[in-house]
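Just below is one structure, and these are the notes that go with it.
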């Protein structure tokens with residue numbers, strides 16, 4: 001059963017903040033990490049909706065610009081005052097970013113094609129090729145666990161096609177995203193999700209230089225959305241109970 005504290009499936013999204021009047025929108029640079037962030041259609045995804053509502057509550061509008069995840073990460077690191085969300089917190093990233101507030105917890109799992117066994121971490125060691133998004137928390141996690149059978153992709157859509165065509169044996173990512181990406185290519189039910197391997201909290205983070213941003217106001221706004229149940233309600237519009 002999915003719940004807000006246990007989403008199934010990979011990551012990435014960016015917010016580039018620019019100083020100025022409160023009416024000036026903050027640009028949210030993002031990658032397509034469904035259902036956390038969605039590049040196409042009228043809905044933006046769970047995390048982007050939450051961040052947007054929090055910022056609007058303090059009088060700050062936003063706009064979304066989607067990028068490949070690795071490019072979004074590089075831009076956030078290089079550009080003073082930028083924000084990134086959804087973004088997974090990890091020991092490798094701890095010192096390189098400013099961590100503003102956790103938005104949601106997102107468990108990660110291996111996706112394999114229907115007809116193949118589901119895969120846990122030990123099983124993944126025996127596969128020839130595992131697809132991961134380049135620079136994502138999944139890549140660093142598996143490398144830390146000693147896996148060197150990784151194939152790097154720029155986008156989740158690229159991994160979806162590779163897995164569907166048998167060019168990789170599994171995809172390690174956010175489980176809901178894996179399932180939703182297969183739906184997007186017209187193959188619902190063609191992928192199986194293995195057990196949760198890693199629970200990664202998703203944060204609103206940013207460049208280490210965030211002095212010009214209203215950090216405490218943003219934190220308070222996100223805390224109020226959590227307290228009021230608004231985050232849970234947003235979650236349920238994407239993942240029904």
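The values are calculated or read from the model by the stated rules, or taken from the named source; none is laboratory data. Treat the numbers as computed from the prediction; the structure is a model and nothing was measured. When we count neighbours, we look across all protein chains shown, and the Cβ atoms used for this are built from the backbone with ideal geometry, even at glycine.
So here's what we get for this one:
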read-out	value
Selected residue [over 16 Å from the mean Cα position of the chain (by Cα), assigned to a strand (DSSP E or B) and either under 28 Å from residue 76 (Cβ atoms) or in contact (Cβ under 8 Å) with a residue 24 or more places away in the chain (or both)] from 112, 118	112
Segment 159-168, subset farther than 18 Å from residue 141 by Cα and either touching a helix residue (DSSP H, G or I) at 6+ places or on another chain (Cβ under 6 Å) or touching a residue at least 24 places away in the same chain (Cβ under 8 Å) (or both), residue surrounded by the fewest Cβ atoms within 10 Å (Cβ to Cβ)	166
Residue count, segment 170-188 (criterion: touching a helix residue (DSSP H, G or I) at 6+ places or on another chain (Cβ under 8 Å) and farther than 19 Å from residue 37 by Cα)	3
Residue 237 being at pLDDT below 95, in a helix (DSSP H, G or I) and either surrounded by 14 or more Cβ atoms within 10 Å (Cβ to Cβ) or out of contact with any strand residue (DSSP E or B) (no Cβ under 6 Å at 6 or more places or on another chain) (or both)	yes
Given (1) touching a helix residue (DSSP H, G or I) at 6+ places or on another chain (Cβ under 7 Å); (2) assigned by TED's automatic domain parsing to the domain that holds residue 26, number of the condition residue 135 does not satisfy	(2)
Any hit, segment 127-135, residues being free of Cβ contacts under 8 Å to residues at least 60 places away in the same chain and over 16 Å from residue 191 (Cβ atoms)	yes
Filter result for residue 107 (surrounded by fewer than 22 Cβ atoms within 10 Å (Cβ to Cβ) and farther than 25 Å from residue 238 by Cβ)	no
Subset of segment 178-200 (residues that are closer than 16 Å to residue 40 by Cβ and either surrounded by fewer than 21 Cβ atoms within 10 Å (Cβ to Cβ) or modelled with pLDDT under 90 (or both))	180, 183, 184, 185, 186
Scan of segment 61-95 for residues that are in contact with a strand residue (DSSP E or B) (Cβ under 6 Å, 6 or more places away or on another chain), at pLDDT 90 or above and outside any strand (DSSP E or B), ordered by number	67, 69, 72, 76
Among the candidates 213, 222, residue that is touching a residue at least 40 places away in the same chain (Cβ under 8 Å), part of a loop (DSSP other than H, G, I, E, B) and surrounded by 15 or more Cβ atoms within 10 Å (Cβ to Cβ)	213
Matching residues in segment 225-234 - criterion: being under 22 Å from the mean Cα position of the chain (by Cα) and part of a helix (DSSP H, G or I)	225, 226, 230, 231, 232, 233, 234
